[in-house]
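Student: I'd like to ask some things about the structure below.
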Amino acid sequence: MTSFRLEKGGLIDRAASLSFSFDGKGFTGHPGDTLASALIANGVHLMGRSFKYHRPRGVISAGSSEPNALVELREGARQEANTRATMIELYEGLVAKSQNRWPSLAFDVGAINSLAASMFVAGFYYKTFMWPKSFWEKIYEPLIRRAAGLGSAAKEADPDKYEKAYAHGDLLVIGSGPAGLMAALTAARLGARVILADEGTRLGGSLLFENEEIDGKSGLDWANSAIAELASMPNVTLMPRTTVFGWYDGNIFGAVERVNDHVLAPSPYEPRQRYWRVIAKRAVLAVGAEERPIVFGGNDVPGVMLASAMRAYANRYAAAAGKAAVVFTNNDSGYRTARDMRTHGVRVEVIVDSRADSRVEAGGVPVIRGRKIVDVKGGKGVAGIELDDHMHIGCDTVAMSGGWSPIVNLACHRGARPKWDATIAGFVPPDTGESFVAAGSAAGRMLLSECLADGAAKGGGKPSDAPKCRDETYAIKALWWVKESKTKAFVDYQNDVSVKDLPLAAREGYSDIELVKRYTTTGMATDQGKLGNVNAIAILAEATGKTIEQVGTTTFRPYYTPVAFGAFAGPFVGRHFQPTRKTPLSDWAEEQGAVFVETGLWMRSSWFPRADEDWLASATREVLATRSGVGICDVSTLGKIDVQGKDAGAFLDKLYCNTFSTLPVGKARYGLMLREDGIVFDDGTTSRLADDHFLMTTTTANAARVMSHMEFCHQALWPDLDVQYVSVTEQWGQMAVAGPRSRATLQKIVDGVTLNDETVPYMAAKELTILGGIPARLFRISFSGEHAYELAVPADYANMAARALMQAGEEFGIVPYGVEALSIMRIEKGHVAGGELNGTTTAADLGLGKMMSTKKDYIGRMMAMREGLTDANRQCVVGIRPFHRSDRLRSGSHFLKRGDAPSIANDQGYITSVAFSPMLGQWVGLALLANGRARIGEMVKIFDGLRGIHQYGVICEPMHFDRENARLHA
Amino acid sequence: MLIKCPHCGARPVEEYTFLGDARPQRPTSNDPSTMEQWFDYVYLRDNPKGRFDEYVQHSGGCRAWLVVSRNTATHEIHGTVTARDWTKSRQGAKA
């Protein structure tokens, strides 16, 4: 294979050699190469196939705007799709594959799409795959995905780490070319804390590949000394390989640093990428300008590239794009490529300048003025060109320059639109205020001296602070597309949008630029139209008889370039995705063989199977053992809030619909909390431990919300109340001890108290000690309907207390029971829980209307009085049992009157909670039923269309078991 | 976005939880004739373009409820006070 590596020059380390493979074939390159430059040096231009037509494509750019040379980088778990070969730093052992081709890059069956090009015009997705509708899912979609897909992602989990970090500074400079370096240098010399970020491997921007002269030395030498000076200053942070991808509120910038993308695998102690949030008092946008392609026939043949890219490959990477080049330009900058290539010994056949009257130093290269290229000959490589006067010229590479577009993206991320500047034929950034300003060519300054002076000024100095330099001339006469071209001319390479698609979209009614984007796909996908958009806007302007300003741009949004999901996730993956909350009793529960269930972040013990019991058998046994002897259940997840202060009682009166200020010390009371709109919010028992000291409990699910609600009510509504409160959920382990032998069991571990109805009566809340001095709180409350207690101990004693209870209850056949058994017992007793407190029910709906005080103001009081919330026909809580005793009930099933057909109009309500009652030997449930309390005894139809259930049930009282509450007081 | 908490200083927006419009004031009467006022307080909200006062809790910080004055069009933060001070000053203004 011929080498296209130039003999001298370039910022590559020729002493070292790196092996890599592309599509399974081995190559070598040098440190300092990108994958693209190394392939070019090896004579490889064909790097991919296009999206729709599967046309052979080569590299167009030498930077992050690259639309064509997208590859699958690495293999296995580290495989990364759609990675720009122009941004991949070469490393030893690099493996890359081309995309979107089958069976091979050189011979691709999909290329037949080119022959059916009429099918793939603008809006082809909408036009072609419309009918029949049933074909979508099974035929069209998989077909499109296979044929038109980009690269494929790794199937395995990402093995690498990602980090998140913040950076703060006085000035963030984005881009390290002439303007950026000058701005950073000026600000840093004035003592500002400066952060200089650049997406490139090396700082220096265009100075890394342009032949410039600054301060009497080469542009590169000047850049190197500026960077060295910056690096030596303690107030400067240099961030190469860092793409600033977005500008956000508060002058916050998002950036991603590619810490280890340039090695085969990161060291185990380093991240692959770091996601930065940069908070800067001021920022300078010095990201330069992007060269535009010209739209002409065959402008996508591999070997046709941007003029600046061609000289970047030659000057920076010592890689020649060919042996015989042609330059096609509408502005002065294209001439630099001709001169530089000639200096490197590459033959430059001709400069084709579309302007008839240009006068630019061509360095001895012949110039044809006032002519255009109409076609590029060749398929997988350039064979020659044809001009609009039918002249044919042989060549193997074409450099094109359609002018420069300032890279305005970041300046537009917060909604402002760029402005059109006819002099440079490009959009320039909008005025974004003092805290974010553009400098240099990003601001439309096209001369080096202007860029340096602008950088100095934006860095806080004077324009005259900038060093002297040699300027190239710059002038442009817009040429958006070559109308004389007969062959396919591409506007957007990545999406295969040709010049004909834009007027077609306009003719079909999609003439707004945002619609054109979606209809033709111009400016979509990974490059977001960095190269093609301005050409597309100009072509559309002409097709619709508007000016470019009138057409305007599409919306610029983050991210400037694609950001890996891993970078967003940072370290918060796997078990670090969210915390796991274990209760203080989890060791004990594990010892007892608990099966845990995730409830929010909590791991709750759900049931305690013995041998090969399933959940139902286990829960049934746990219920029977508890109701006949004693059971112990972890209830630590309930929210516990300690409320203290002179006004604690008054505060609780405001929060709850019932009254707590009248609660005697040493007693507990069930409370119901409403939302301000009158709907039930939460419930739980609250105990009074002293005059000015209450202990509230909340449901597990609402613990955090209730806390926040209390803080709001106190701070925003009643700031004068003298009350303090704090969550003590995690400080206490709490267990329910339930069953006829609960008292006898507890008696063995409490210190110095004889438990009876005098010392610990029903609804008592008592502070005492257990096991010889462990502080504890004992509440005689019951959710199970049994004679029961809840025992709370400081969290660190919880396992010990539970183990002691297990031992104490052994003679009574004590069992641990989980949330399943707890739930069965509460349904047997008709106690409402999450299924009924579902954000739609009022206190009255739950049968708790009498709790609503009429003697005080409280949250929700007024709105609960509204007509709709007091309507007798509202759905309220009832019990439900199947008509056939052996039928199983399912929650979510709806009720119909007998004889009614299922319809929303006929809906009578639905089942909210079901359980197999071990005590009754059948399924029972709780339900919400319209006017339910008047319908006890009614037979209803139970309908569940999803499960195909049609059965009958009988409405009953919610309390299914022990309606006299005899067991509670036993 | 950064919000300046009166207690903790400028902190990122992720530490805060938004509730909504801080301007409606909770009526003090439970008389049925005040139902309209209650309805306004619970349900009616303006959606202004420009300066807007919102209840925000510094839930990932000191947990204080704040009133943040923000421009809904530009996201500029004009100022932050604690809900306690906001309410007390409004109660004082009324009295």
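Student: Report, as an integer, the average count of C-beta atoms from other chains found within 10 Å of each Cβ along A:413-420.
Tutor: Counting other chains' Cβ atoms within 10 Å and averaging over A:413-420 gives 1.
Student: If you don't mind, there's one more thing I want to ask. Tell me, which longest segment in chain B has none of the trypsin sites (Lys or Arg not before Pro) that fall in DSSP loops with at most 16 further Cβ atoms within 10 Å? Present the calculation step by step, with values, prior to reporting the outcome.
Tutor: Working: sites that count: B:Arg45, B:Lys49, B:Arg63.
Of all site-free stretches, the longest is B:1-44.
Student: What distance in nm separates the simple spin-label points at A:Glu867 and A:Asp612, each placed 7 Å from Cα in the Cβ direction?
Tutor: 6.3
Student: Between the range A:10-85 and the range A:823-844, how far is it from one alpha carbon centroid to the other, in angstrom?
Tutor: Centre-to-centre (Cα) distance: 63 Å.
Student: When only C-alpha pairs under 8 Å and at least 6 residues apart count, what is the relative contact order of chain A, in percent?
Tutor: About 9 percent, as a whole number.
Student: Then there's this: Using a basic spin-label model with each label point 7 Å from the Cα along Cα→Cβ, how many nm lie between A:Glu92 and A:Leu601?
Tutor: 4.6
Student: Could you please state, rounded to a whole Å, how far the C-alpha centre of the range A:201-217 is from the C-alpha centre of the range B:48-95?
Tutor: Each part reduced to its Cα centre gives a spacing of 50 Å.
Student: Starting from a Cα-only point model with no solvent, please compute log10 I(q)/I(0) by Debye for the range A:742-901 at q = 0.10, 0.21 1/Å.
Tutor: -0.60, -1.34
Student: Can you figure out the FRET efficiency of A:Arg885 with A:Trp718, using R₀ = 35 Å and their beta-carbon distance, to the nearest 0.05? Each step should come with its number before you reach the end.
Tutor: Details: r = 53 Å, r/R0 = 1.52.
Computed FRET efficiency for A:Arg885 and A:Trp718 comes out at 0.05.
Student: For an R0 of 25 angstrom, estimate the FRET efficiency from the Cβ-Cβ distance between A:Ser903 and A:Glu957 and round to the nearest 0.05.
Tutor: Between A:Ser903 and A:Glu957 the formula returns 0.30.
Student: Run through every distinct alpha carbon pair of the range A:290-400 and return the Kirkwood hydrodynamic radius in angstroms, one decimal place.
Tutor: Taking every pair of different Cα atoms in the range A:290-400, averaging 1/r and inverting gives 13.4 Å.
Student: Spelling out what I want: for every residue of the range A:257-267, take phi, set θ = phi - 60°, compute 6.51 cos²θ - 1.76 cosθ + 1.60 (Karplus), and round to whole Hz; glycine and proline get x.
Tutor: Listing the rounded values in order: 9, 8, 5, 9, 7, 9, 10, 4, 8, x, 5 Hz.
Student: For A:857-867, what's the mean count of beta carbons from other chains sitting within 10 Å of each residue's beta carbon? Intermediate values should be presented prior to the final figure.
Tutor: Values: counts 5, 1, 1, 1, 2, 13, 6, 0, 4, 3, 0.
Going residue by residue through A:857-867 and averaging, the value is 3.
Student: If R₀ is 45 angstrom, what is the calculated FRET efficiency for the pair A:Ser152 and A:Asn931, using the beta carbon separation as r and rounding to 0.05? The partial results should precede the final answer.
Tutor: On the way: r = 59 Å, r/R0 = 1.31.
The calculated FRET efficiency here is 0.15.
Student: Return the average number of partner chain Cβ atoms within 10 angstrom of each residue Cβ along peptide B:80-86.
Tutor: 3
Student: Project the alpha carbons of the range B:22-92 onto their principal axes and report the range along each, largest first, in whole Å.
Tutor: Rounded to whole Å, the extents work out to 40, 28, 24 Å.
Student: Could you check the spin-label model distance between A:Ala356 and A:Phe565? Points 7 Å from the Cα along Cα→Cβ, value in nm.
Tutor: 5.7
Student: Now a separate question. Using only Cα atoms, figure out Rg for the protein assembly as shown and give it as a multiple of 2.2 N^0.38 Å.
Tutor: Here the Cα radius of gyration is 1.19 times the empirical estimate.
Student: Also: Quick check: from the Cα gyration tensor, does the range A:562-683 come out rounded (a/c under 1.5), prolate or oblate?
Tutor: It comes out oblate by the Cα gyration axes.
Student: Further, regarding this structure: Please compare each pair in A:Lys323/A:Lys477; A:Lys654/A:Lys829; A:Lys281/A:Lys458; A:Lys8/A:Lys97; A:Lys640/B:Lys88; A:Lys377/A:Lys488 to a cut-off of 23 Å on the Cα-Cα distance and tell me which ones are over it.
Tutor: Working: A:Lys323/A:Lys477 29 Å; A:Lys654/A:Lys829 29 Å; A:Lys281/A:Lys458 13 Å; A:Lys8/A:Lys97 30 Å; A:Lys640/B:Lys88 29 Å; A:Lys377/A:Lys488 12 Å.
Over 23 Å apart, Cα to Cα: A:Lys323/A:Lys477; A:Lys654/A:Lys829; A:Lys8/A:Lys97; A:Lys640/B:Lys88.
Student: So, one more: Amide H to amide H under 5 Å from A:Gln875: which residues, 5+ apart in sequence or cross-chain, H placed 1.01 Å off N in plane?
Tutor: The list, which skips near neighbours in sequence, is A:Asn931.
Student: Let me ask you something else. Counting other Cβ atoms within 10 Å, keep those with at most 12, restrict to DSSP loop, and tell me which trypsin sites (Lys or Arg not before Pro) in the range A:478-549 are left.
Tutor: On the way: sites: A:Lys483, A:Lys486, A:Lys488, A:Lys500, A:Arg507, A:Lys517, A:Arg518, A:Lys530, A:Lys546; in loops: A:Lys483, A:Lys486, A:Lys488, A:Lys500, A:Lys530, A:Lys546.
Listed in order of number, the matching sites are A:Lys486.
Student: Order of A:675-688, A:330-343, A:588-601 by packing, highest average Cβ count within 10 Å first?
Tutor: A:330-343, A:675-688, A:588-601
Student: Now for a different question. When a/c is below 1.5 the answer is rounded, else prolate if a/b is larger than b/c, else oblate, so apply that to the range A:639-729 with a ≥ b ≥ c taken from the square roots of the Cα gyration tensor eigenvalues.
Tutor: Working: a/c = 1.35, a/b = 1.15, b/c = 1.18.
Rounded is the answer for the range A:639-729, as its axis ratio a/c remains below 1.5.
Student: State the extension gain, in nm to one decimal, for the chain segment bounded by A:Thr423 and A:His969, taking 0.36 nm per residue of separation less the distance between their alpha-carbons. Write down the numbers at each step before the final one.
Tutor: Numbers: separation 546, 0.36 × 546 = 196.56 nm, distance 9.24 nm.
Taking A:Thr423 through A:His969 to full extension adds about 187.3 nm, to one decimal.
Student: Would you work out which of A:Cys956, A:Val924, A:Ile936 lies farthest towards the positive end of the dipole of the range A:863-970, given +1 charges on the beta-carbon of Lys and Arg and -1 on that of Asp and Glu, about the Cα centre?
Tutor: Selected residue: A:Val924.
Student: Would you mind putting A:927-935, A:398-406 in packing order, based on average other-beta-carbon counts within 10 Å, highest first?
Tutor: By packing density, highest mean first, the sequence is A:398-406, A:927-935.
Student: Okay, moving on. Using DSSP to call loops (not H, G, I, E or B), can you name the trypsin sites (Lys or Arg not before Pro) in the range A:583-662 whose Cβ has at most 14 other Cβ atoms within 10 angstrom?
Tutor: Counting only loop positions with at most 14 other Cβ atoms within 10 Å, the trypsin sites (Lys or Arg not before Pro) in the range A:583-662 are A:Arg610, A:Lys646.
Student: Let me ask you something else. Can you give the helix-only mean residue ellipticity at 222 nm for chain A, where every DSSP H stretch with n ≥ 4 adds -39500 (n - 2.57) and the sum goes over all residues, rounded to the nearest 500 deg cm²/dmol?
Tutor: -5000 deg cm²/dmol
Student: Shifting gears a bit: Can you tell me which of A:475-481, A:265-271 comes out highest on packing, and rank the rest after it, using the mean Cβ neighbours within 10 Å?
Tutor: Details: A:475-481: 20.0, A:265-271: 12.1.
The densest-packed peptide leads the list: A:475-481, A:265-271.
Student: Counting only residues 5 or more places away or on other chains, whose amide H sits under 5 Å from the amide H of A:Asp215 once H atoms are built in the peptide plane?
Tutor: When sequence neighbours closer than 5 places are left aside, the close amide H contacts are A:Lys468, A:Cys469.
Taken together, the values in this text are just the output of simple stated rules run on the coordinates, not laboratory data. Predicted, not measured: the structure shown is a model, and the values here were computed from it. Cβ atoms come from the backbone with ideal geometry, glycine included; neighbour counts cover every protein chain shown.
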